[in-house]
1. So how compact is the chain: Cα radius of gyration and Dmax in angstrom?
2. For the chain, find the longest principal axis of its Cα atoms and tell me its angle to the long axis of helix 10-42, 0 to 90°, nearest 10.
3. Using unit Cβ charges (K, R positive; D, E negative) and no other charged atoms, how large, in debye to the nearest 20, is the dipole of segment 52-182 about its Cα centre?
4. If you average the sequence gap of Cα pairs under 8 Å that are 6 or more apart and divide by the length of segment 46-182, what percent do you get for the contact order?
5. Find which of 60, 157, 131 sits farthest along the positive direction of the dipole of the chain, computed with +1 on the beta-carbon of Lys and Arg, -1 on that of Asp and Glu, about the Cα centre.
6. For segment 168-180, what does the Karplus curve 6.51 cos²θ - 1.76 cosθ + 1.60, with θ = phi - 60°, yield as ³J(HN,Hα) per residue in whole Hz, taken in order and with x for Gly and Pro?
7. Between 0 and 90 degrees, rounded to the nearest ten: what's the tilt of helix 139-157 against the longest Cα principal axis of the chain?
8. Running Debye on segment 63-140 with equal point scatterers at the Cα sites and no solvent, what base-10 log of I(q)/I(0) appears at q = 0.11, 0.26 Å⁻¹?
Amino acid sequence: MADSVPQMPQSYLNECIAAINSQIQLQLYATYIYLSMAYFCNQEEVALGFFALFFLRQSQKWMERTEVLFHLLTERRGSLTLGRIADQDRHNWMDGLMAMECAFHLEKTLNQSLLQLYQLASNQGDTYLCNLLKRHFLQQQVEVLKEMGGYLTNLRQMGAPENRLAEYLFDKLTLADSTKED
């Protein structure tokens, strides 16, 4: 790693550090949003405990991935620039389906940002960063987008959100089974 960094142009290193900081900020925002979704679903009047657990695990995964980027900044002797985490757009989701839809769109945004970071690294021949993104981020994004897309399809086919029983059954059967696998 130490050999690859000095060979890269300073302009790329600066652009790379800025892009990593931007990714960190987005991932911290995702962590925050997922915590909010978990709290919403865990409320007594919503009672979607496995939705809550799913969102809590997503929050934890994004925090772990953020730590990977923190370490990369340290290795590259870059500075960490933490800004204010933007307020979420919605403080209360109407139901589990709406929360899952928002989560799916959040994951698509995160994926696009990661692909842009990968493209930046690839254009400059930064194989270390490309490999790190492949190993810790990109494949996981494919999997979670596929998983959430399937969840959304199932919820809609079951009649959510009009049929409140659909979310309850999805929570108790589908999401309960998926948490056993983790």
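The values are calculated or read from the model by the stated rules, or taken from the named source; none is laboratory data. These numbers come from a predicted model, not from an experiment. Neighbour counts run over all protein chains shown; Cβ positions are idealised from the backbone, glycine included. Side chains included, ligands, DNA and RNA excluded: accessible areas come from the protein's heavy atoms. Shrake-Rupley method; radii C 1.70, N 1.55, O 1.52, S 1.80 Å.
1. Values for the chain (Cα only, Rg and Dmax): 18.4, 59 Å.
2. Taking Cα atoms only, the helix is inclined about 20 degrees.
3. On the way: 15 positive and 17 negative charges, 70 e Å.
For this selection, approximately 340 debye.
4. Relative contact order of segment 46-182: 38 percent.
5. The one lying farthest along the dipole's positive direction is 131.
6. Computed from phi, the couplings for segment 168-180 are 4, 5, 4, 4, 6, 9, 5, 5, 5, 5, 5, 6, 5 Hz.
7. The helix 139-157 is inclined about 20 degrees to the chain.
8. Computed log10 I(q)/I(0) values: -0.40, -1.32.
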